[in-house]
Amino acid sequence: MVNLLVPGRAASSTFEAQSAIRVQQNCHTMGEAAGIAAAWAARDHAGQVGAVDVQALRAEMRARGGNV
């Protein structure tokens, strides 16, 4: 498993999806989620980002008013 988060325009996606995710608000949301996930991974999972609970991350983003 690769231990890497890639938010924003550098995110891997199809050509069609790229046109939808590269707008500023989506890039901001991806960056915020990546930051929270990195912090949680460092704090709770010895830096392993794959161990972060995605459902908990989504809930946290919604609680912060994120567009999930």
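Taken along the Cα-to-beta-carbon direction at a fixed 7 Å, the label points for Arg64 and Glu32 span 0.6 nm. By how many degrees, 0 to 90 and rounded to 10, does the Cα axis of helix 24-44 deviate from the longest principal axis of the chain? Around 10 degrees separate the two axes.
Looking only at region 5-20, which residues have a backbone nitrogen under 20 Å from a spot 7 Å from the Cα of Ala39 in the C-beta direction? Output list for this probe position: 5-8. Looking at Ala41, Ala51, Cys27, which one has the Cα that reaches farthest to the positive end of the dipole of the chain (charges on Cβ: Lys, Arg +1; Asp, Glu -1)? The residue sitting most towards the positive pole is Cys27. May I ask you to derive the relative contact order of the chain, considering only C-alpha pairs under 8 Å and at least 6 residues apart, and to give it as an integer percent? About 30 percent, as a whole number.
With +1 on the Cβ of every Lys and Arg and -1 on the Cβ of every Asp and Glu, and nothing else charged, how large is the dipole of the chain about its Cα centre, in debye rounded to the nearest 20? Don't jump to the answer; show the numbers that get you there.
Values: 6 positive and 5 negative charges, 28 e Å.
In total the dipole reaches around 140 debye.
Spin-label pair Val23-Gln48: with each label point 7 Å from Cα along the Cα-Cβ axis, the two points sit 3.7 nm from one another. For the chain, adding -39500 (n - 2.57) for each run of n ≥ 4 DSSP H residues and dividing by the number of residues yields -17500 deg cm²/dmol at 222 nm. Determine which residues of region 26-44 fall in the zone a paramagnetic label at Arg9 would reach in this model, i.e. backbone nitrogen under 14 Å from the point 7 Å along Cα→Cβ. Inside the label zone: 26-28.
Read-outs: derived from the displayed coordinates by stated rules, not from any lab. In this text, all values refer to a predicted model and were calculated from it rather than measured experimentally. Backbone-built Cβ (ideal geometry, glycine too); neighbour counts: all protein chains shown.
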